[in-house]
1. With each pseudo-label sitting 7 Å past Cα toward Cβ, what's the residue 506-residue 489 distance in nm, one decimal?
2. Could the peptides 323-335, 265-277 be put in order, highest first, of the mean number of other beta-carbon atoms found within 10 Å of their residues?
3. Order these peptides, 313-321, 94-102, by their mean beta-carbon neighbour count within 10 angstrom, highest first.
4. Count the DSSP beta bridges whose two residues both fall in the stretch 120-248, then state the antiparallel fraction as a percent rounded to the nearest 5.
5. Within 10 Å of each residue's Cβ, count the other Cβ atoms and sort 138, 412, 280 from fewest upward.
6. Taking 7 Å along the Cα-to-C-beta vector as the label spot, tell me the residue 5-residue 513 distance in nanometres, rounded to one decimal.
7. By its C-alpha gyration tensor, with a ≥ b ≥ c as the square roots of the eigenvalues, how is the stretch 527-593 shaped: rounded for a/c under 1.5, else prolate for a/b larger than b/c, else oblate?
8. Please label the shape of the stretch 272-322 as rounded, prolate or oblate, based on the square roots a ≥ b ≥ c of the eigenvalues of the alpha-carbon gyration tensor (a/c under 1.5 means rounded; beyond that, a/b larger than b/c means prolate, else oblate).
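Rule-based calculations on the coordinates, nothing more; no lab input. Because the structure is a prediction, the values reported are computed rather than measured. A quick note on method: Cβ atoms are made from the backbone with ideal geometry, for glycine too, and the neighbour counts reach across all protein chains shown.
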Amino acid sequence: MVCAAGILLRLNFVALKRRWRSRRVPRAADTGWIFGEVGFEATALLLLVAFVLPPLSTVDISTSFLPGSISTDLFHPFGLGVGKPGNGASASVGYSETVRPGAQLKARSQEIMVVSGGSALYPYLRGIALGGWDGISWYQLPPTDASPVRQQPRLEPKADLPREDLPVGSSRVEVVQQSIRILVPPDQLDRTVFSAGELTRVDNHSTTVKGIMLGAATGPVGEGPDPVNIVAGPPVPFDTVDVVRILDTPRAPYDINLTTAVPTADVKSLRSAGTDYAAWVQPYQQLYFQGTVAAGYSAGRDQEIASLARTIVQDAHALTVYDQAKAIEAWFRDPNRFKYTISPKPARAGVRPLDFFLFDSHEGYCQDFSTAMAVMLRSLDIPVRQMSGFSQGFYDDKSHRYLVNALNAHSWVEVYFPRLGWIPFEPTPDGANLPVERPATPTVTVPLPVGSGTAATPRVPKNQDAGNQGSGGAGSGGLSDLWSRAGWVAVGLLLLLLVAALLMFRWLMSARDPRRIWRRLQFLADRLRVPRRPGDTPKEFGARLADAVPSLDDELRGVAELFTRANFRRGGLTRAESGELQRSWHVVRRSYPGLVVRAFRERGGGRPVRREAAAGLKSREPAPRRRPPDPSRGA
């Protein structure tokens, strides 16, 4: 920035010199040096203000000026595979509806959404649940007799989403109101409705819902999901919901207001949940849905993976489903075993990326870790699904919202617990996404009603002050935030005053030649309301200024006399006269700041500084010259 400012100053000064030359405007020999000094001081002031004053927002706007693909980021996993064929737009924002371990990372850094509201028990924005695994990638479960995937073509705004995979009992659910502003066109996100938890209602958009539904009576299964809930009457609930999409095509940016339900199950309840699974859970327990395996790869190491999973849970003495899931999660997060990287070594030809990750490289990113954990859990007959979406993003303490970037694209796993719902687990040791901390035993909570409109408290990173979570409208958090901002503003104003005082001091100290000293006196006279008339000589003006400041009478008259000699006498000032000018100006300069401050204070009260100056304003005649005393008269 300093170099850029220097170049701009130089170019501006060259342009000014050309303009002065064309207009035949004279300039002093040290004009260039003065111009550079002032420019340097202005640059220093700008840098000081930029470093000291707090930012108005922490939103990253770099992508507005530096567009392009970014393939690495040390803190945010992204790029869930290459995406669907022909869906380059979706891949460019990191989100994809297929998850493939070992795939090339494709995303460019850009803000995707701004989120208000969230839950510490679900620090993600889920997009789609993937239940099918073919050894190479995760995909949406197809509509078959074994997995009756249905689709409700239209769900009106503010209508409750019919579903039965939520926890039984209102005390086990945290109701979260969210407002999500999408910053990219809807097609780039496949029109997906993202939510922190299980979606229960969308307030301002018509949507379509897809998931498993055993209770619907439909005809033979076709190529696409059978439509349900298209006739009048009570809707048939979904056993579980995989994805919700908006039906309209709004222009970006657009808002989605929604309600979600987050399971609040404690560790004790999860351990005692049991394995009494409903029939619809079966597709999520099968390693390969209906035996479908990707061609060209061997599944011969599946038994080795299953044996490894059993060894992990046995070494951890994990007997319940929850303890087994936590044991495998912790096993992957051990830094002595696996390393998180966004540039892992590619698998050899003919080797499954999953096998290469587990037994050879021991390094990968989110889809490698989540895939490996999900496959291990399914080998233990535990129902699990692969999730594709975004992590919670960065919390902006200025706007009290989460800022979600394309680099926050993420995949994780969810395990189903009877009567408690889908519970997320985080096996990726990326340093940004941490396992959810749950209470050991049930706690007494009062659930919020669905229509209360009260947002859950945002999850703030550990390095943030919990007192700054409020909206600023009420409460101690908002008051402390207000005082904090007021303090920063006060500090900024004090710094500006300090810089102004330093510049004023520099302005005074830089006056050494007669012309500059005279301009400083003219500035002082204007502040003191001493009139300047067109016909005044320097001596007349100096006499009028001396009358306004009697304490500096001799010095001001002396400066006026010497300025006259410097401008109108051939040869200018002698060395002795130059020394006398500097001594007189030195005396005036010591009183200069006080005179300016007093002038501003008295001007604010509407009083003239001196009666002599006020009287002089009424007359247009030159000031009478001060006559020397007549030596013939006695004292």
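1. Distance between the two pseudo-spin positions: 2.8 nm.
2. Order by mean packing, descending: 323-335, 265-277.
3. In decreasing order of mean packing, 313-321, 94-102 become 94-102, 313-321.
4. On the way: 16 of 19 bridges.
About 85 percent, rounded to the nearest 5.
5. Numbers: 138 27, 412 24, 280 21.
Going from least to most buried by this count: 280, 412, 138.
6. 2.6 nm
7. Oblate, because a/c is 1.5 or more while a/b does not exceed b/c.
8. It comes out oblate by the Cα gyration axes.
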